[in-house]
Amino acid sequence: MSYSVVEYYGENSKYQCGYCKQSSSCSSYGMWAHKLSCQDYQELIDRGWRRSGCYCYKPMMDVTCCPSYTIKCDAINFRLNKSHKKIIKRMNKFLRDGIKETSEQEAQSNINDIGTHLGSACDQEHTEVPSMQPHVLDPDVLNTLTHVNSEKRSSSADDKTSALPIPTLSGVVNSSTHTSDSSISNQPKKAKLRRIERKREKLQKKGLSGADIEQLMQSNNQKSAEKSLEEFLSESPQDNDSPAHRLKIVTLLTSGVKFQESLHVSFNLYKKYQTAIHNDPPGAIEDYLDFLVKSPLKPYQGFGTFHQQYWLDDRLIAVGVIDVLPNCVSSVYFFYDPEYKFLSLGTYGSLRELAYTRSLYKEYPSISNYYMGFYIHSCPKMRYKSNLQFSYLLCPEAYTWHLLDRTVVAKLDENKYSRLNDDPTAQDTNKATEQDVNDVLLIFGRSCMTYTQYLTVVGKELPILFEYARLVGKSCAKKMMLYRV
């Protein structure tokens, strides 16, 4: 049985904003997750929460300078745009030919890749830090809570979900095998004509007539226009072709033994990225572990926190940190080798994570969305997130999802904080009532008890408890255990 233990801090106000850089304009609610079930975290992010390591925070949307709207992409109905296709083709061409783009092309690709990734450091959404330090919980108490909690907590999706083995990436993330051809022109139109000509020559060698060749070429063109994300990512040449490079993507559970074997390699890449891309000091490995390795999510039936490592030949060039949850894949962070910036690795990584979400969906239909962290409309560099369609924003009042279309954009243009649900009668269906607060679970001393039992034992009210229940929702309030000193 997976369960959650959290320590609520309350308001964390008047600190520097990572978006507009004002010194004391940002405010949020915070709590420390000592343990967090994947189902509970799924419910929390659907209420506007986000984690940074083990610290969870929820922006005070109507107060903070840059309101942060939770954003998700419908992975199953996702459609590639022209820019996405160019980025994938650029990667495939590099793997095939080993040719790096000219400086002019590289500059343009970097412009298109503003923001580098959906969960990357440019968002600054992970710089939130607690204003208090968590208490050290007695391990013996945590170990004895499993039985108690299994009797008290309501049944969750975690309890009902069958084992979820994370599928391999074959067919979705595979090594590209392309031939080297230095005669290919850098001009896209000429390159396309040469590819068509080579295809015709191959068909002629097979003995096909001119009419048959044209019919087959036309059929292939129609099919190409309808290519899916997976088809673009997995394009491969004939078996006898030899690529300049091979790309391999390995998915590792952060709490697993295999992950430890490459820990220092990924840490060195992170230091290089932070220094070159963000001009930040590299920091100690402990900071890296706290930020991107340690997770309150306990692996359960295949859910948990993973690193997806991008290996180019034998060199690690990028790492995507993701949470696999009951209803989604949530992008946490992405960092890469600055030497390969010309490949637009940030956007390429997001497309790979979308494909990964879609691969999980084939076996487990509940995993149908790709969460991209926060969307800050008042920050121009964040607008790139709207390029993944179809995307939805979470209403900060009714907690309903709304298509990020012209109507929603118009609202945010007019007011940076906006209730997205047009129905004034629409309410938060998971809102905690006074009666729900009585059922909030607390850890006090070495015991787990409801708030009603706590009042009987201690005889002193906890005024902050209603705020906590309102923010996490009645469902989580009744099954997560709130630690009190």
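Over 19 Å apart: what share of the alpha carbon pairs of region 398-485 falls there, rounded to a whole percent?
Details: 1961 of 3828 pairs.
The share of Cα pairs beyond 19 Å in region 398-485 comes to 51 percent.
Only Cα pairs under 8 Å and at least 6 apart count here; give the relative contact order of region 325-467 as a rounded whole percent.
Working: 127 pairs, mean separation 20.9, N = 143.
Averaging sequence separation for qualifying contacts and normalising by length gives 15 percent for region 325-467.
Sorted by accessible area (1.4 Å probe), largest first, how do Glu230, Glu363 line up? Write out the running numbers ahead of the final one.
On the way: Glu230 30, Glu363 125 Å².
I get Glu363, Glu230, largest accessible area first.
In the neighborhood of Leu36, defined by Cβ-to-Cβ distances under 9 Å, what is the net charge if each Lys or Arg adds +1 and each Asp or Glu adds -1?
Values: positive: Lys35, Arg51, Lys298; negative: Asp40.
Neighbourhood net charge equals +2.
Taking the Cα-to-Cβ direction at Ser228 and at Leu289 and moving 7 Å from each Cα, how far apart do the two end points lie in nm?
4.1
Using a/c under 1.5 as the rounded threshold, could you call region 340-425 rounded, prolate or oblate? The axes a ≥ b ≥ c are square roots of the C-alpha gyration tensor eigenvalues, and prolate needs a/b larger than b/c, oblate otherwise. Don't skip to the answer; put the middle values down first.
On the way: a/c = 3.15, a/b = 1.37, b/c = 2.30.
Because a/c hits 1.5 or more and a/b fails to exceed b/c, region 340-425 counts as oblate.
What is region 313-359 by shape, rounded, prolate or oblate, if you read a ≥ b ≥ c off the alpha carbon gyration tensor as root eigenvalues and call it rounded for a/c under 1.5, prolate for a/b larger than b/c, and oblate otherwise? Intermediate values should be presented prior to the final figure.
Working: a/c = 2.31, a/b = 2.13, b/c = 1.08.
Here region 313-359 falls in the prolate category.
So if each residue of separation counts as 0.36 nm, and I subtract the Cα-Cα distance between Val63 and Lys21, what length gain in nm does that give?
Numbers: separation 42, 0.36 × 42 = 15.12 nm, distance 1.57 nm.
So the chain would gain 13.5 nm between Val63 and Lys21.
Accessible area of region 306-358 with a 1.4 Å probe: how many percent of it is carbon plus sulfur? Walk me through the numbers before you get to the answer.
Details: 340 of 830 Å².
So the carbon and sulfur contribution to the accessible surface is 41 percent.
Calculate, in nm to one decimal, what Gln453 and His135 gain on full extension: separation in residues at 0.36 nm each, minus their alpha carbon distance. Each step should come with its number before you reach the end.
On the way: separation 318, 0.36 × 318 = 114.48 nm, distance 2.27 nm.
Residue separation times 0.36 nm, minus the Cα-Cα distance, leaves 112.2 nm.
Using the structure shown, select from Lys294/Lys478; Lys93/Lys227; Lys86/Lys341 the pairs with a Cα to Cα distance greater than 20 angstrom.
Working: Lys294/Lys478 26 Å; Lys93/Lys227 17 Å; Lys86/Lys341 15 Å.
The pairs that break the limit, which is 20 Å between Cα atoms, are Lys294/Lys478.
Mind giving me the nanometre distance, one decimal, between the label points for Ile464 and Gln389, set 7 Å out from Cα along Cα→Cβ?
4.5
Which of the peptides 341-354, 42-55, 423-436 is most tightly packed, and how do the rest follow, going by the mean number of other Cβ atoms within 10 Å of each residue? Walk me through the intermediate numbers first.
Values: 341-354: 24.6, 42-55: 21.5, 423-436: 12.9.
Result, highest mean Cβ count within 10 Å first: 341-354, 42-55, 423-436.
Using alpha-carbon pairs under 8 Å, 6+ residues apart, how would you state the relative contact order of region 2-70 in percent? Display every interim value, and only then the final one.
Details: 125 pairs, mean separation 22.2, N = 69.
Once divided by the residue count of region 2-70, the mean separation gives 32 percent.
What is the distance in Å between the Cα centres of region 307-379 and region 392-460?
After rounding, the separation between the Cα centres reads 28 Å.
Starting from the Kirkwood Rh over alpha-carbon pairs, what translational D in µm² s⁻¹ does region 272-330 have by Stokes-Einstein at 37 °C and 0.692 mPa s? Present the calculation step by step, with values, prior to reporting the outcome.
Details: Rh = 13.4 Å.
For these conditions, the coefficient is 245 µm²/s.
If I model a spin label at Lys298 and Asp413 as a point 7 Å from the Cα along the Cα→Cβ vector, what separation in nanometres do I get?
Here the answer is 4.9 nm between the modelled labels.
If the chain between Val257 and Glu214 were fully stretched, how many nm would it gain, using 0.36 nm times the residue separation less the Cα-Cα distance?
10.1 nm
What figure in square angstrom, to the nearest 10, would you give for the accessible area of Arg383 with a 1.4 Å probe?
Per-residue accessible area (Arg383): approximately 100 Å².
Give the shape of region 31-73 as rounded, prolate or oblate, defined through the alpha-carbon gyration tensor: a ≥ b ≥ c are the square roots of its eigenvalues, a/c under 1.5 means rounded, and otherwise the shape is prolate if a/b is larger than b/c and oblate if not.
On the way: a/c = 2.59, a/b = 1.50, b/c = 1.72.
Oblate shape, in that a/c is at least 1.5 and b/c is the bigger or equal ratio.
The values are calculated or read from the model by the stated rules, or taken from the named source; none is laboratory data. Note that the structure is a prediction, hence the values are computed from the model and not measured. Neighbour counts are summed over all protein chains in view; Cβ atoms, including those assigned to glycine, are modelled from backbone coordinates with ideal geometry. Side chains are part of the model used for accessible areas, which takes the heavy atoms of the whole protein and leaves out ligands, DNA and RNA. Shrake-Rupley method; radii C 1.70, N 1.55, O 1.52, S 1.80 Å.
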